[in-house]
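Each remark here refers to the structure printed beneath this line.
The values are calculated or read from the model by the stated rules, or taken from the named source; none is laboratory data. Note that the structure is a prediction, hence the values are computed from the model and not measured. Methodologically, a virtual Cβ is constructed for each residue, glycine included, from the backbone with ideal geometry; neighbour enumeration extends over all protein chains shown.
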Amino acid sequence: MKNIKGIFKKDIDKVFKFPRSLFSTLILPGLIIFIIYFIIGQVAASSIKKIQEHESRVCLIDVPDSFLEAAETAQEIQDFGKVIFSEEALDKLEELKEEVRKGNLEAVVVFDKGFDEKISENLKPNVMIYYDNTSNNSNAAFGKIQTILEIQKDNFLREKEIDPYLFSYAGDPVFASEKIGGMILAMILPVLILSFILSSALGIGTDAVAGEKERGTLAKLLLLPIPRNHIIIGKILSTTFLTILSALSSFIGIMASLPFLKTIFAGNEGEIIDVISYGASDVLLLLLVLLLLAALASSLLLLASTIAKTIKEASALAMPIFIGVMILPMVTMFSEKTDANPALYLIPFYNFILIIRDLLLFNLSTLNYLLTVGSAAATISVLVFILIRLFKSERILYTQ
C-alpha cells in the first residue's frame, strides 16, 4: 500500500508542483470549452440581431388593400422588424426573381388580380411568395409575409364572416444553383482543411526540435561544424515540406470528392443541381492558399517546439494555438456575407478562412487574395526571423 501511495504522490506532484502542467491539465480544458461556446453564442446572437434589424425589401404585384391594412397592423407587433414595400407590374416578375437571387430584394409577393373582389365573391384566390431560402434575410422576410397574411385572414375574412382558409399562399424558393452548394461547402471545407493541416503540423512540428532535445540528439547536432542558421532553416523547410505533403493529400482528397457531392444537393422536383463548377484558376488559387497555410502552421508550431524542453511541453504550448485557430471558422459559420472588410484579410489564419469561403462562393476579390498572400508571407518571415534568433540562445536550446 505504501508503494502504491508513493507512486500516486509522485505522478500527482508532476501536475500540481509545476504551474504550466497544472494550467494545461486542469484549467485549460474548461477554459477552452467556455471560450468556444462563448464565441458561438456571441456570434449566433449577433447574427440573429442583424437579421432582426435588417429592413426587408419586398416587392408586391397586384397587391390588395386588405394586405396593406394587415401590414400596417403587423408593424405594431413588437420585434416584427421593418419591411419596405414596393409595387411592380406582373410582366416584371422574372426580373424581380433575379433581383431576389442577387440579394437586392428579399421577396416578391404575387397576388391574383382582383384579390379582394374574388374573396367577396367567395372565390379562392392564391398568393405566391418568391424568396431565396439560402439567405437568412430572405427567410426572415418570408416569415414576416406569412405573419401579415395571417393577420389579413383575421382582419378581412372574419370581419366578412368568410372562411379564413378560403385563400391559400405558398412559397417558391428561387436561388442560383451553385450558391446553395457553395454555401454548404463553405461551411464544411474550412474546418476540414484547418483540422487536417494543423493536426499534421502539430505532430511534425512538436517533434522537430523538442523531440531532439528530449532524445539528446540536438546537442550533438549543435556540436557539428554547421551554422545554426542552417540548422533551423533546414528544420523549417523539412517541417513545412512534410506539412505541405499533408496539405496536398487533403487537397487531392477534396478535389476527388467534389463530383460525388452533386447527388447531395437536389433542387425543385428532385433534379440534381450541378454545384461543382469550379474552374482551373479556382483550383490553383485554392492550392496556393493551402500551401501558404501549411507553411504558416508549421512555422508557428515549430516555434512552440523550439521554446519547449520536451514533446509533452511542446504539445501543451501548441494545443491552445490549435484550439484557437479551430474556433475561427465558427465566426463565419453563422454569416452569409462575403463582402468582409479588406482589413480582415490581414489577420493570420482568419484570412485563410475568409479567402477559402470567397473561393467556394464565387466571390473572390483580387485585392483580398493579394492581402491574404502578403499577410501570410510577412507572418511566415517574422516567425522564421524569431526562430533564427532563438537558435542562437543556449538557454533555449539546452534542456538543462
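Output the residue which, of all residues in the stretch 75-96 that are in a loop (DSSP other than H, G, I, E, B) and in contact (Cβ under 8 Å) with a residue 60 or more places away in the chain, is farthest from the chain's Cα centre (by Cα). It comes out as Ile77. Of all residue pairs spaced 6 or more apart or on separate chains, those with beta-carbon atoms under 8 Å, a first member in the stretch 34-53 that is closer than 26 Å to Ile77 by Cα and a second member that is loosely packed, with under 11 Cβ neighbours inside 10 Å are Gln52/Asp79. Taken together, Ile193, Ile197, Ile233, Ile226 contain a single residue that is part of a loop (DSSP other than H, G, I, E, B), over 30 Å from Asp112 (Cα atoms) and modelled with pLDDT of 80 or more, which is Ile226.
Note on the stretch 119-137: residues that are in a loop (DSSP other than H, G, I, E, B) and among the β-branched types (Val, Ile, Thr) total 1. When Glu99, Glu72 are checked against the criterion of being assigned by TED's automatic domain parsing to the domain that holds Ile119, in a helix (DSSP H, G or I), in contact with a Cys (Cβ under 9 Å, 6 or more places away or on another chain) and more than 30 Å from Glu313 (Cβ to Cβ), Glu99 stands alone in meeting it. The set of residues in the stretch 118-149 that are more than 16 Å from Val83 (Cα to Cα) and surrounded by fewer than 19 Cβ atoms within 10 Å (Cβ to Cβ) comprises Lys118, Ser120, Glu121, Asn122, Leu123, Lys124, Asn126, Met128, Asn133. A residue that is part of a loop (DSSP other than H, G, I, E, B) and of a type in the set (S, T, N, Q) occurs nowhere in the stretch 61-68. Scanning the stretch 328-347 for residues that are at pLDDT 80 or above and surrounded by 19 or more Cβ atoms within 10 Å (Cβ to Cβ) returns a single hit, Tyr345. Within the stretch 296-305, can one find any residue that is outside any loop (DSSP other than H, G, I, E, B), in contact (Cβ under 8 Å) with a residue 24 or more places away in the chain and over 18 Å from Asp207 (Cβ atoms)? For the stretch 296-305, residues outside any loop (DSSP other than H, G, I, E, B), in contact (Cβ under 8 Å) with a residue 24 or more places away in the chain and over 18 Å from Asp207 (Cβ atoms): present.
Taking first residues from the stretch 343-357 that are without any contact (Cβ under 8 Å) to a residue 40 or more places away in the chain and partners that are assigned to a loop (DSSP other than H, G, I, E, B), the Cβ contacts under 7 Å between residues at least 6 apart in sequence or on separate chains come to Leu354/Ala340. Name the single residue, out of those in the stretch 38-60 being within 26 Å of Ile148 (Cβ to Cβ) and of a type in the set (S, T, N, Q), that is surrounded by the most Cβ atoms within 10 Å (Cβ to Cβ). The residue in question is Ser56.
Considering only the stretch 391-400, state which residues are assigned to a helix (DSSP H, G or I) and surrounded by 18 or more Cβ atoms within 10 Å (Cβ to Cβ). Scanning the stretch 391-400 gives a single hit, Leu397.
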